[in-house]
Amino acid sequence: MGQANELKNELIETGRLLYEKGMLAGSDGNLSAKIDENRLLITRSGVAKGRLGVDDFVELNMEGELISGSGQPSSETAMHLTVYKNRADIRCCLHSHPAYATSFAVAGIELGRNVLPEVALFVGDIPLVEYAPPGTGAISKAIEPLLEKNDAFLLKNHGLLTVGRTIEEAFFKHETVEHFARILWMARQLGNVNRISDDELKRLEQLRQSLT
């Protein structure tokens, strides 16, 4: 029970930070974390992620069956389960609708990693995932082929998903992607986006691999 409570407190703080940084509105988004190999915590459906309490989570097994808690789990539970089943290293999934990143998702414009070295080094590729109706399990099918090599996903007409080995890591990636999207949006208004060379991108990728 201690591990679950610690994770709840971390997720509560993360939800508050996402809200304060303008990445969530109303009951947008969903947050989850693995307790162990057989159990996870996920936010209940319809709760405000910026004002989470310890009772705003449900505990599920890896088949999505309720172990404890009240209320309905997030409508995007299938997406979280797909991540955990395909990536044994991942312990946290964060999904929100940050304005700048989501604007690129709505416009159907990719966020290439060949602009900022920090993105290439700490996030990697950010694939633009084809639109899938929320709450239907279709998002799971859309992201599954991309999970092996990626930790951040721009969901067309929907929002942003990041995953991490810790809650903190998933949050840092979330924050980095939105910060990058804002910079890229501004650079496009200025009329020019300089790109990192292929050789430098390769060097950064090798460095990234050595850090993981």
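The values are calculated or read from the model by the stated rules, or taken from the named source; none is laboratory data. Since this is a predicted model, take the numbers as computed values, not measurements. When we count neighbours, we look across all protein chains shown, and the Cβ atoms used for this are built from the backbone with ideal geometry, even at glycine.
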Some residue of segment 104-120 being under 13 Å from the mean Cα position of the chain (by Cα) and crowded, with 21+ Cβ neighbours inside 10 Å: no
Qualifying positions in segment 1-59 - acidic (Asp, Glu) and either within 16 Å of the chain's Cα centre (by Cα) or closer than 15 Å to ARG91 by Cα (or both): GLU6, GLU10, GLU13, ASP28, ASP36, GLU37, GLU59
So GLU37 ticks every box in (1) more than 24 Å from ALA181 (Cα to Cα); (2) touching an Asp or Glu at 6+ places or on another chain (Cβ under 8 Å) but one. Which box is left unticked? (2)
Show the residue pairs that are 6+ apart or on different chains and have beta-carbon atoms under 6 Å apart, the first residue being within segment 185-212 and farther than 13 Å from GLY112 by Cα, the second being modelled with pLDDT of 90 or more and not β-branched (Val, Ile, Thr). LEU204/PRO117; LEU204/ALA120; LEU204/LEU121; ARG208/LEU121
Would you point out the residue of segment 122-155, among those that are free of Cβ contacts under 8 Å to residues at least 60 places away in the same chain, in a helix (DSSP H, G or I) and small (Gly, Ala, Ser), that is surrounded by the most Cβ atoms within 10 Å (Cβ to Cβ)? ALA142
